[in-house]
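Some notes on the structure that comes next.
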Amino acid sequence: MQVLVIGSGGREHALAWKIAQSPKVAKVWAAPGNVGMSEVAECVEVSSSDIRLLADFAERKRIDLSVVGPELPLTLGIVDEFERRGLRIFGPRKDAALVEGSKVFAKSFMKKYHIPTGFFQSFYRVDDAKRYIQEIGAPLVVKADGLAAGKGAIVCFELSEALDAVKKIMEERLFGDAGERIVIEEYLEGEEVSFHVLTDGDAVLPLASSQDHKRVFNDDQGPNTGGMGAYSPAPAITEPIHQAVMEQVMIPAVRGMAAEGRPYKGVLYAGLMIRAGEIKVLEFNARLGDPETQPLLLRMKSDLVPLLEAVVDGRLRNQTIDWKPDASVCVVMTSRGYPGPYNQGALIAGIEEAAAEPGVMIFHAGTNRTKGQVVTGGGRVLGITGLGRDIPGAIATTYRAVKKIHWEGAHYRTDIGVRALARVS
């Protein structure tokens, strides 16, 4: 069969890499893909948000299955368009992807179906938002309602920070039209983890646990990013926590979406805060996390393609997933300045040497090829992902490879996985 992977980041490279290993797959296409993906797929220059061109391509090439990586095409209705043309595609329809596309919808949905989350209020008017902040005080979190590439949440510990966040999002449009409406919500303390499930709208099959690191600097300092690193498994998700998440969050969410007339098929990803055994949902996402996908797929023993097909065809109930006992860690290397302005075009050295390390896979996120050489082409540039017998071993493997890669202005955190070490030591 032929499979089309839609997207161009580290998550999509990991998907293409894993899908290419399936004995069911004769050819992988990527749109638009990236330098790393070109090693396992044929890349075509079609934007991941150009839905009609992508559907035209899938029809022309008789693609058997399309897999959507990023959230934007999902919220634009790519699944609806493909299904209208009789094309098989993995991901939720537009009305279901709203669970990520609108923070207001997601929080209201959680409240309606008694899914645990922090208190919140939504606002269209700047004055009303500022008045509410003055009433409740800090700390709190101000979020843009729409998509903001994982950077639309501003944690505010002081009143002045919260008022400034409202100004930046609603008046200065830091996140564009995503900031037309905002959510002001409770600041939750605890340990943040990622929980992914596959669902065909009925059955709910959990993936292995994982945990990411949002802040750009060590010790969780600095602004939020799309993700600076991740590891799997996450010791914070104990068996009782896992069971509670399934019973209190994931199953009610899938049933609730069906009750709303928005049947959910694809990956549902909950960002959770855990404190003293209590679970609260920070957000829902309509796709796999990035960079959580990288360590998850490195650990997955099962063929991914039959699982994706089972979701699309509504026969997930009898499926299982086998995982390697090893742990995996991904360290994201970024351009200096990210998540703010950054330069592009820096020559990257050491990728081949790093990839030669046993148990290591280099996933490209923001790279280009210039005159035969790989250069930086984005904020998040590479996801160095390694396996180890346990979390300490995976950390050691991954950072050995990281240290072999260099470019002018490279940045990465040196503490990915430290939270897990505190639990396994």
Report, ordered by chain and residue number, the lysines lying within cross-link reach of residue 94, taken as a straight Cα distance under 25 Å and ignoring same-chain residues fewer than 8 apart. 61, 103, 107, 111, 112, 143, 151, 265
Pair residue 128, residue 177: separation of 7 Å Cα→Cβ label points (nm): 2.1 nm
Suppose all protein chains stay in the model; what accessible area per residue would a 1.4 Å probe give for the chain, in Å²? 41 Å²
On a full-extension model of 0.36 nm per residue, what is the gain between residue 406 and residue 56, subtracting their alpha-carbon distance, rounded to one decimal in nm? 122.0 nm
Would you please state which residues of segment 29-71 a label at residue 369 would reach in this model, taking the label point 7 Å out along Cα→Cβ and a backbone N cut-off of under 19 Å? 29-47
Net length gained if the chain between residue 389 and residue 421 were fully extended (0.36 nm per residue, minus Cα distance): 10.2 nm
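Please compute one quarter of the surface area of the Cα convex hull for the chain and express it in square nanometres.
Mean shadow area of the hull around the Cα atoms is 19.4 nm².
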Considering amide H positions built from the backbone, and no H for Pro or chain starts, which residues 5 or more places from residue 367, or on another chain, come under 5 Å of its amide H? 35, 377
What is the ratio of the Cα radius of gyration of segment 202-311 to 2.2 N^0.38 Å, with N the residue count, to two decimals? 1.12
Residue-averaged 222 nm ellipticity for the chain, from DSSP H runs of 4+ at -39500 (n - 2.57), nearest 500: -8500 deg cm²/dmol
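Using the crude model of +1 on Lys and Arg Cβ and -1 on Asp and Glu Cβ, and no other charge, please compute the dipole size for segment 76-225 relative to its Cα centre, in debye to 20.
Values: 20 positive and 26 negative charges, 103 e Å.
That gives segment 76-225 a dipole magnitude of about 500 debye.
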Where in segment 97-119 is the amide nitrogen less than 15 Å from a point lying 7 Å along the Cα-to-Cβ axis of residue 187? 119
Just by accessible area at a 1.4 angstrom probe, what is the order of 90, 217 from largest to smallest? 217, 90
Taking H as built 1.01 Å from N, whose amide H comes closer than 5 Å to the amide H of residue 283, not counting residues under 5 places away? 271
Would you mind computing the Rg to Rh ratio of segment 317-390 from its alpha-carbon coordinates, Kirkwood style for Rh? 1.11
For a quick check of understanding: with a 1.4 angstrom probe and all protein chains in place, what accessible area in square angstrom does residue 352 have, to the nearest ten? 150 Å²
Where a label projected 7 Å from the Cα of residue 159 along Cα→Cβ would reach, residues of segment 96-133 with amide N under 18 Å: 127-133
So what does residue 160 come to for accessible area, using a 1.4 Å probe and Å² rounded to 10? 80 Å²
Quantify, in whole percent, the carbon and sulfur part of the accessible surface of segment 1-104 (1.4 Å probe; protein heavy atoms only). 46 percent
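Just to confirm a number: summing +1 for Lys and Arg and -1 for Asp and Glu over residues other than residue 403 whose beta-carbon lies under 13 angstrom from that of residue 403, what do you get?
Numbers: positive: 400, 404; negative: 353, 357.
Net charge in that neighbourhood comes out at 0.
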Before anything else, pin down the relative contact order of segment 241-391: Cα pairs under 8 Å, at least 6 apart, normalised by residue count, whole percent. 20 percent
Taking the reciprocal of mean 1/r across every pair of different Cα atoms in segment 269-425, the Kirkwood radius in Å is 17.5 Å
With Cβ to Cβ distances under 14 Å as the rule, what net charge do the other residues near residue 56 carry (K, R +1; D, E -1)? +2
Tell me the accessible surface of residue 390 in square angstrom (1.4 angstrom probe, heavy atoms of protein chains only), to the nearest ten. 60 Å²
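The values are calculated or read from the model by the stated rules, or taken from the named source; none is laboratory data. Note that this is a predicted model, so its numbers are computed, not measured. Cβ sites come from the backbone with ideal geometry, for glycine too, and all protein chains shown count toward neighbours. SASA here: full protein model, heavy atoms, side chains in, ligands and nucleic acids out. Shrake-Rupley method; radii C 1.70, N 1.55, O 1.52, S 1.80 Å.
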